[in-house]
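Q: First the structure, then my questions, so here it is.
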Amino acid sequence: MNLRRFFSLQNPLQPQFKPFFKSTTLFVKSIHALAIITTENPQNPTVLTLTHDAEWTPTSISYSKLLSRCCQSKSLGPGLQVHTHLVKIGLANDPKHRNHLVNLYSKCRVFGHARQVLDESPEPDLVAWSALISGYAQNGLAEDAISAFSEMHRLGIRCNEFTFPSVLKACAMKKDIVGGRQVHGIVVVTGFESDVFVANTLVVVYAKCGEFLDSTRLFDRIPDRNIVSWNALFSCYTQGGFFAEAVGLFREMVGGGMRPDEFSLSTIINACTGLGDVKEGRKIHGYLTKHGFGSDPFSCNALVDMYSKVGDFEDCKRVFERMPNHDIVSWNAVIAGCVLHERNDAALELLVTMRRSGIAPNMFTFSSVLKACSGLGLRDLGRQFHSVMIKSDIELDPFLCCGLIDIYSKCGEIDDATRVYDKMPEKQLIALNALLCGHSQNGNDLEALSVFAENYRDGIGFNETTLLAILNSAAGLRDITVTEEVHGLSLKTGYLSDPFVVNSLIDSYAKCGRLENATMVFDDSPIPDLATFTSLISGYAQLGQGEEAIKIYVKMQDLDLKPDPFICSSLLNASAMLSAYEQGKQIHVHALKFGLLSDVFTANSLVNMYARSGSIDDADRAFNEVPEKGIVSFSAMIGGLAQHGHGEKALALFDNMLKDGIAPNNVTLVSILSACNHAGLVTRAKTFFESMEGVFGIKPTQEHYACMIDILGRAGKLDEAMGLVDEMPFEANAAVWGAVLGAAKTHKNVEIGERAARELMAIEPEKSGTHVLLANIYASAGLWQNVAEVRRVMKGSKVKKEPGMSWVEVKDKVYTFIVGDRSHFMSKEIYEKLDELMTLVGKLGYVPVLEIDLHNVVSSEKEVLLSYHSEKLAVAFGLIAIQAGPIRVKKNLRVCVDCHSFLKFVCRVVEREIVVRDINRFHHFKDGCCSCGDYW
């Protein structure tokens, strides 16, 4: 997209002040002068010219009229000439002339001259002081206006109904309630409180300073309230964000018989915009049309702004097209509305139309179009707009800088974003926050913390947005120190009462693994809301503590808080981690009850939960009901099919995904390789692996290499697997060497097993699995002395073998078993059931696989040791406690050969399906067979 298509700007000619005379003698030469007021066009400001007339004799009255005309037209040049002449002829100290001069210079912002005239006056009067104070106030110099008023008051000059509104306006601008109250006291003492203009200004002062109760009381005391009185109150309430109150006052005014004017109507339309109440806004629109204000530019602009911000673009378009003249405010309103509702293309097209109409964009236009570019990811167009702003001398205020930082950050150009920030003459907190968020969004968490530390030392300060960005980066880095420091800073500065800061603290503590701290912040929060519960539940779920996550969810329900998609997704993921099928089903019911399954994240989490809880059929049904299937949906289902041993189905679904035009990502291709692995599809796996970069543009990672090496190793192609290890473009990690060690164990290759074990022990010396697998390899080769040496090393280095554990869920409760476990309250019944099963399967031909036991003992002892593995105890308990349906068991290690053989016989005897999820995959035992085909 080329910027020339949008507009071509030239630097506007800056108006330059050219004095009417180079010396005071220019006018003095002519004693006789005539002031002629000419108006070439009624719409243009009055033009004052001086012409020579020898027959005209000036008088004091003539000079007063001439200076009055200069004041009206703000004609500084002629006024200076008149002043020069008055000095020359000795009439400059005439009170009327002096007051006119002070008024002229004040209106023209030449306050040095105004003050000089005032100071040189022998007896400055109220009119001159009022003119000076009014000039200061009208030009935004509130401090000077208040100072001048104080000086005048000290001189004992009594104020009038013209002076008080000016100084009160200055107090309102400064939000100086103390000064306002002091002036109010003088108003009361001098008896001007009943003057409607003074009273109106007092109402504004109190309202602008946030004292709405006092403001309303003063308003109620005004004896003869006019439309100006009402408008003052409407405006203050609307500007203060009290939109509903403003609308209520409007109804009260209309109900009292007061007819609104265009200012009232445009203000109340703005209040409706703030409320997002388009229904009330349409009523005001009708009232506006009925009373003949349909062409008022202020009201029309307010209507355009309201309709665009509430997203009613048809009505916005109608109002906009009926306007007699479109000014920059009209265009900005409709463009900003499009951006607000993410109609970014429409916003840019409107910019084109605006430029064709001859209206140049201003800083507010650019602020909107930069957001549009950011939303569309149009980095180059945003860069061109940046260039146009620089060439057009448009001041880059903090909001524009934020827009530039935002677009560069979202487009990954964080260096450009940093340059924009660095070039700001005065660093603003809003721009710093945008830069911090940009670093965080781009994963530059360390840089975000560094930038914050540097600016904090420079005294730029911080607010809740800053703390959110820093906590997000601290969470990304898992930096508990920064999290604790921000916690202390939030507590000290009072930001811990902000719910967003509380939620971010909970999230950061959870991601740092400090759930006790996260819970403490949660418990200390005044009124936990839905977002607070979401943060804590997500924290527990992410750390695998699904049971605690469920408990917090129950507590949330006690407060009558309805879950949202984020909570449902977190709970479903927690259930998936636990393989808690029953719990997951309950969350499914809640998602249905609250209508959350239309949310794609919840729907994807449901697919993942059922797939990881052992019910691939339920996962398939959930997948078919996902409203908009994306890469996450397909990856979850493909991964589920792979884990359940349905390799061909996984590959078929992958083909369908490609036909739908959805490109795979890293996760999808890991799932595809896993599907090939579990199904023993070596050739297909090679094809996918070798074409990853060429076909899909994805470079293989450590995880992809580990999958491929595992595939080759399981298939007995150990030499090929080792060749791939040596060819890797990076150092092999634990996952790669783990795959090699597993393959060596499967094929009893002592040499390769020893090499893999050495590498793993160097990478993860604390892991017991490496020693156990190596001992298994030695045991399978009959090298019992080596087995003993491995055990001695484990004992000497204090590496403990991870015990085999199995879980089974019964009626929302999870029961855990370890080998030979007798801690269960039903241990007697469990062991009796297991003995019964042993007898039954023995009659069908089950024979214990003794060679897998590493103990160097006689066969009878090995048989006893194998009989009480954790999965056997879990299955026995499941058969007792679960009367119908599949028995679902989760195991923390790979299921052993003997248990695998035993469960194939058990499923035939009891005529029940048994689903075991081990560390690698799911095993569905049914009718004497396993879904893995004995290949795992």
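Q: Which value, in Å², gives the accessible area per residue of the chain when a 1.4 Å probe is used on the protein heavy atoms?
A: On the way: 45420 Å² over 936 residues.
Dividing the accessible area of the chain by its residue count gives 49 Å².
Q: Skipping prolines and chain starts, which residues have an amide H placed within reach, meaning under 5 Å, of the one on SER525, given they are 5 or more residues away or on another chain?
A: Those qualifying (amide H under 5 Å, at least 5 residues apart or on another chain) number zero.
Q: Follow-up question, since we're still on this one. For the chain, find the longest principal axis of its Cα atoms and tell me its angle to the long axis of helix 142-154, 0 to 90°, nearest 10.
A: Result, in degrees: 40.
Q: Relative to the present Cα-Cα distance, how much length would full extension add between PHE162 and LYS926 at 0.36 nm per residue of separation? Could the numbers behind the result be given before it?
A: On the way: separation 764, 0.36 × 764 = 275.04 nm, distance 9.63 nm.
Contour length minus Cα-Cα distance gives 265.4 nm.
Q: To the nearest 10 degrees, how steep is helix 718-727 against the longest Cα principal axis of the chain, on a 0 to 90 scale?
A: The angle comes out near 30 degrees.
Q: Oh, and also: Got a number for carbon plus sulfur as a percent of the chain's accessible area, 1.4 Å probe?
A: Working: 23840 of 45420 Å².
About 52 percent, which is the carbon plus sulfur part of the accessible surface.
Q: What is the extension gain from GLU754 to LYS767, computed as 0.36 nm multiplied by their sequence separation minus the C-alpha to C-alpha distance, in nm to one decimal? Numbers along the way, then the final one.
A: Numbers: separation 13, 0.36 × 13 = 4.68 nm, distance 1.55 nm.
Gain in length upon complete extension: 3.1 nm.
Q: Rank these residues by their accessible area, most exposed first, probe 1.4 Å: GLU766, GLU759.
A: Values: GLU766 115, GLU759 70 Å².
Sorted descending by solvent-accessible area, the residues read GLU766, GLU759.
Q: Could you rank the peptides 656-668, 798-810, 256-268 by their average count of other C-beta atoms within 10 Å per residue, with the highest value first? Write out the running numbers ahead of the final one.
A: On the way: 656-668: 14.6, 798-810: 17.0, 256-268: 19.1.
Final packing ranking: 256-268, 798-810, 656-668.
Q: Now a separate question. If you average 1/r over all unlike Cα pairs in the stretch 501-590 and invert the result, what Kirkwood radius do you get in angstrom? Write out the running numbers ahead of the final one.
A: Working: mean 1/r = 0.0785 Å⁻¹.
For the stretch 501-590, inverting the mean 1/r across all distinct Cα pairs yields 12.7 Å.
Q: Please work out the Cα center distance from the stretch 524-562 to the stretch 867-907, rounded to the nearest Å.
A: Using only Cα atoms to place each centre, the spacing works out to 33 Å.
Q: Given the -39500 (n - 2.57) contribution per DSSP H run of 4+ residues, what per-residue ellipticity at 222 nm results for the chain, rounded to the nearest 500 deg cm²/dmol?
A: On the way: 49 runs with 616 residues, N = 936.
The helix contribution divided over the chain gives -20500 deg cm²/dmol.
Q: What is the distance, in nm, between label points placed 7 Å from the Cα along the Cα-to-Cβ direction at GLU690 and at SER598?
A: That separation, rounded to one decimal, is 4.9 nm.
Q: Reachable lysines from LYS317, Cα under 16 Å, same-chain residues fewer than 8 places away excluded?
A: List returned: LYS309.
Q: Moving on. Using only the alpha carbon atoms of the stretch 487-544, find the Kirkwood hydrodynamic radius as the inverse mean reciprocal pair distance, in angstroms to one decimal. Mind showing how you got there, number by number?
A: Values: mean 1/r = 0.0908 Å⁻¹.
Computed over the stretch 487-544, the radius equals 11.0 Å.
Q: For every other residue with a beta carbon closer than 15 angstrom to the beta carbon of GLY156, add +1 if it is Lys or Arg and -1 if Asp or Glu, then tell me the sum.
A: Residues close to GLY156 contribute a combined charge of -1.
Q: A further question on this structure: Of (1) 34.5, 102; (2) 26.6, 82; (3) 40.5, 141, which one was derived for Rg and Dmax of the Cα atoms in Å from the structure shown?
A: So the calculated entry is the one marked (3).
Q: List the lysines whose alpha-carbon lies under 28 Å from that of LYS391, not counting same-chain residues fewer than 8 positions away?
A: By straight Cα distance, LYS391 reaches LYS18, LYS371, LYS410, LYS423, LYS427.
Q: The stretch 328-431: which GluC sites (Glu not before Pro) are DSSP loop and have at most 10 other beta-carbon atoms within 10 angstrom? It would help to have the intermediate numbers written out before the result.
A: Working: sites: GLU342, GLU349, GLU395, GLU413, GLU426; in loops: GLU342, GLU395, GLU413, GLU426.
Of the GluC sites (Glu not before Pro), the ones in loops of the stretch 328-431 whose Cβ has at most 10 other Cβ atoms within 10 Å are GLU395, GLU426.
Q: Sticking with this one: Below 11 angstrom from the Cβ of SER613, what's the summed charge of the other residues (Lys, Arg +1; Asp, Glu -1)?
A: On the way: positive: LYS585, ARG612, ARG888, LYS890, ARG917; negative: GLU582, ASP618, GLU809.
That sum, taken over residues with Cβ under 11 Å, equals +2.
Q: Among the listed pairs LYS555/LYS593; LYS795/LYS891; LYS800/LYS891; LYS511/LYS699; LYS279/LYS593, give every one whose C-alpha distance is greater than 21 Å.
A: Details: LYS555/LYS593 18 Å; LYS795/LYS891 25 Å; LYS800/LYS891 18 Å; LYS511/LYS699 29 Å; LYS279/LYS593 31 Å.
Correct reply: LYS795/LYS891; LYS511/LYS699; LYS279/LYS593.
Q: Quickly work out the THR481-to-ASP564 label distance, labels modelled 7 Å from Cα along the C-beta direction, and quote it in nm with one decimal.
A: 3.4 nm
Q: Order ASP564, ASP458 by their accessible area, 1.4 angstrom probe, all chains in place, largest first. Don't skip to the answer; put the middle values down first.
A: On the way: ASP564 30, ASP458 120 Å².
Output order, biggest surface exposure first: ASP458, ASP564.
Q: Please sort 690-702, 486-498 by packing, taking for each peptide the average over its residues of neighbouring beta carbons within 10 angstrom, highest first.
A: Numbers: 690-702: 13.5, 486-498: 16.1.
Those peptides, ordered most packed to least, come out 486-498, 690-702.
Q: If you don't mind, another one. Pop out the ³J(HN,Hα) list for the stretch 684-689 in order, Karplus 6.51 cos²θ - 1.76 cosθ + 1.60 with θ = phi - 60°, rounded to Hz; leave Gly and Pro as x.
A: After applying 6.51 cos²θ - 1.76 cosθ + 1.60, I find 4, 4, 4, 4, 4, 5 Hz.
Q: Rounded to the nearest 0.05, what FRET efficiency is calculated for ASP380 and VAL667 with R0 set to 25 Å and r the Cβ-Cβ distance? Intermediate results must be reported in sequence, preceding the final value.
A: Values: r = 31 Å, r/R0 = 1.24.
E between ASP380 and VAL667, to the nearest 0.05, is 0.20.
Q: Can you compute the label reach from GLN428? Point 7 Å from Cα along the Cβ direction, backbone N cut-off under 18 Å, restricted to the stretch 397-419.
A: 397-409, 417-419
Q: Cross-link list LYS492/LYS562; LYS828/LYS926; LYS585/LYS767: which exceed 31 angstrom alpha carbon to alpha carbon? Before the final figure, lay out the partial values.
A: On the way: LYS492/LYS562 33 Å; LYS828/LYS926 27 Å; LYS585/LYS767 35 Å.
Cα-Cα > 31 Å for LYS492/LYS562; LYS585/LYS767; rest within.
Q: Give the cross-link partners of LYS174 among the lysines, using a straight C-alpha distance below 20 Å as the criterion and excluding same-chain residues fewer than 8 apart.
A: LYS208
Q: Oh, and also: When a/c reaches 1.5 or more, the comparison of a/b and b/c decides; with that in mind, is the stretch 631-691 rounded, prolate or oblate per its Cα gyration tensor? All intermediate terms of the calculation are to be shown ahead of the outcome.
A: Working: a/c = 1.70, a/b = 1.25, b/c = 1.36.
Taking the square roots of the gyration eigenvalues as a ≥ b ≥ c, the stretch 631-691 is oblate.
Q: Any idea what angle helix 379-391 forms with the longest principal axis of the chain, computed on alpha-carbon atoms, 0 to 90 degrees, nearest 10?
A: 20 degrees
The values are calculated or read from the model by the stated rules, or taken from the named source; none is laboratory data. Bear in mind the structure is a predicted one, so any value in this text is a computation, not a measurement. Every residue, glycine among them, receives a Cβ derived from its backbone with ideal geometry; neighbour counts consider all protein chains shown. Please note that ligands, DNA and RNA were not included when accessible areas were found on the heavy atoms of the full protein model with its side chains. Shrake-Rupley method; radii C 1.70, N 1.55, O 1.52, S 1.80 Å.
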